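The values are calculated or read from the model by the stated rules, or taken from the named source; none is laboratory data. Small disclaimer: the values here were computed from a predicted structure and weren't measured. Note: ideal-geometry Cβ built from the backbone for every residue, glycine included; neighbour counts use all protein chains shown. Areas reflect the complete protein model, heavy atoms only, side chains present, ligands, DNA and RNA absent. Shrake-Rupley method; radii C 1.70, N 1.55, O 1.52, S 1.80 Å.
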Amino acid sequence: MSTKIAAQKIKTSSLTVVISLALVLFMLGLLGLVVINAKKLSNHIKENIGFQIVLKDTTSAAELDLLKQELSSSPFSKQVDFISKDEAAQKLKKELGEDFITFLGYNPLLSSLDIKLHSEYANVDSLAGFEKSIMQKHFVKEVIYHKDMIKQVNDNAKVISIYILIFSGLLLIVAIALINNTIRLSIYAKRFLIRTMYLVGATQGFIRMPFIFKGIRQGVIAGILAGLLLAGFLVLSTRYIPDLLQLQDPNLLALLFIGIVLLGVLISGLSAALSVKRYLRLKTDDLYF
């Protein structure tokens, strides 16, 4: 009867370790999702700010084609769109809800080029350099971009990144401490067995290996459970926030899931090895406390 009770306690202890480890890894995975999506969201915002080149009415088709080709081949431009006078008028008419051309008697708008930038070039310094270079062309009237908005987006992205890194570090420390304590408590019940094996001549490596393998196995199971929980959370989130699906990168998600499993294996295996080593070093009298 006592053997069955002991076996049941061991199973319960192992299940507790796996569940605790899975929940901690799930929290770390959520933080990983936040880090990935925060970076991609920041890049998405930067790439949709861009700038506008307003052209003079005297701009020839050859000059326009040459400028478009030059911009399209530049490393900073992600997308170049030409907006004619008529297209600009139709867009403004739709926004205003009235025909201003009929009222004025002519179209006062000018043709322009809308440029979307790659995120790494979406900063005030880069745009100032582009503006200086483009304004040297005689057929360019002006370059329009939102300096304050671009500066604010970059400043906020830096601040948020710093906070996320600090929080990630703190959560990782807490996670390692919780997992280590949980595994150490599970091994605590076998401290007398560990000591007995050591006293009858078993080497430390021989004693540690079964516990390390068990820790690795628990880490793999917990990592897979955490990955499934994370996948479920992501699917549920995209139902309420459909745009979130567009930000996801399958390759980054796969790396995140693999990283969760590897982290679980590393922490649980290392914690098991350190816990067994601690009990091997204790004196016999100290095992009772």
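Among 202, 228, 170, whose Cα sits farthest toward the positive end of the charge dipole of the chain (+1 at Cβ of Lys/Arg, -1 at Cβ of Asp/Glu, about the Cα centre)?
202
Round to the nearest 0.05 the FRET efficiency obtained for residue 251 and residue 90 when R0 = 41 Å and r is the Cβ-Cβ distance. Before the final figure, lay out each step's value.
Working: r = 40 Å, r/R0 = 0.98.
The pair residue 251/residue 90 has a calculated efficiency of 0.50.
Only Cα pairs within less than 10 Å get springs; with that Gaussian network setup on the chain, which residue of 129, 219, 264 has the largest fluctuation?
Looking only at 129, 219, 264, the biggest GNM fluctuation is shown by 129.
With every atom except the alpha carbons ignored, what do you get for Rg and Dmax of the stretch 16-114, in angstroms?
Calculated on Cα positions, Rg and Dmax stand at 23.6, 78 Å.
So what's the angle, to the nearest 10 degrees on a 0 to 90 scale, between helix 124-134 and the longest Cα principal axis of the chain?
Once rounded, one gets 30 degrees.
Per DSSP helix of 4 or more residues, -39500 (n - 2.57); summed, then divided by the residues of the chain. What does that give at 222 nm, rounded to the nearest 500? Present the calculation step by step, with values, prior to reporting the outcome.
Values: 10 runs with 210 residues, N = 289.
Helices in the chain give a 222 nm mean residue ellipticity of -25000 deg cm²/dmol.
So which lysines pass the test for residue 56, namely a Cα distance under 16 Å, with those fewer than 8 places away in the same chain ruled out?
Leaving aside lysines fewer than 8 places away in the same chain, those within reach of residue 56 are 68, 85, 137, 141.
Mind grabbing the accessible area of residue 196 for me, 1.4 Å probe, Å², rounded to tens?
We get 80 Å² for residue 196.
Return one number: the angle in degrees, 0 to 90 and rounded to the nearest 10, between the long axis of the Cα atoms of helix 204-240 and the longest principal axis of the Cα atoms of the chain.
Relative to the chain, helix 204-240 is tipped by roughly 30 degrees.
Keeping all protein chains in place, calculate the accessible area per residue for the chain (probe 1.4 angstrom), answer in Å².
Numbers: 18040 Å² over 289 residues.
Counting only protein heavy atoms, the per-residue value for the chain is 62 Å².
Between residue 185 and residue 278, what is the spin-label point distance in nm, taking each point 7 Å from the Cα along the Cα→C-beta axis?
Calculated label separation equals 1.3 nm.
What is the stretch 65-144's relative contact order, in percent, from Cα pairs under 8 angstrom and six or more apart in sequence? Don't jump to the answer; show the numbers that get you there.
Values: 60 pairs, mean separation 24.9, N = 80.
The normalised contact order for the stretch 65-144 reaches 31 percent.
When the accessible area of the chain is split by element with a 1.4 Å probe, what percent falls to carbon and sulfur? Please list the in-between numbers first.
Numbers: 11650 of 18040 Å².
Carbon with sulfur: 65 percent of the solvent-accessible area.
Computed FRET efficiency, Cβ-Cβ of residue 158 and residue 138, R0 41 Å: what is it to the nearest 0.05? Can you show the working numbers first?
Numbers: r = 38 Å, r/R0 = 0.93.
Calculated value: 0.60.
Would you indicate which of (i) 33, 22, 17; (ii) 65, 23, 16; (iii) 65, 19, 14 is the value of semi-axes √(5λ) of the Cα gyration tensor in Å derived from the coordinates of this structure?
Structure-derived value, by its label: (iii).
Given Cα pairs under 8 Å that are at least 6 residues apart, what percent is the relative contact order of the chain? Write out the running numbers ahead of the final one.
Working: 296 pairs, mean separation 81.0, N = 289.
Relative CO of the chain lands at 28 percent.
Report the gain in length on full extension from residue 202 to residue 236: 0.36 nm times residue separation, minus Cα-Cα distance, nm rounded to one decimal. Display every interim value, and only then the final one.
Values: separation 34, 0.36 × 34 = 12.24 nm, distance 5.12 nm.
Between residue 202 and residue 236, full extension yields 7.1 nm more.
Quick one: what does P(r) look like for the stretch 62-151 with 10 Å bins over all Cα pairs, in whole %?
14, 41, 31, 14, 1
Average projected area of the Cα convex hull of the stretch 151-255, in nm²?
Numbers: hull surface 40.2 nm².
If you wrap the Cα atoms of the stretch 151-255 in a convex hull and average its projections, you get 10.0 nm².
Semi-axes of the stretch 105-191's equivalent ellipsoid from the Cα gyration tensor, sqrt of 5 times each eigenvalue, largest first, rounded to whole Å?
Working: eigenvalues 640, 31, 20 Å².
After diagonalising the Cα gyration tensor, the semi-axes are 57, 13, 10 Å.
Give me, ordered by chain and number, the residues 5 or more places off residue 79 or on other chains with an amide H under 5 Å from its own placed amide H.
Under 5 Å from the amide H of residue 79 lie the amide H atoms of 116, each far enough along the sequence or on another chain.
Take each of the peptides 64-72, 18-26, average the number of other beta-carbon atoms within 10 Å over its residues, and list them starting from the highest. Walk me through the numbers on the way to the answer.
Numbers: 64-72: 14.3, 18-26: 21.6.
Averaged packing, sorted descending, gives the order 18-26, 64-72.
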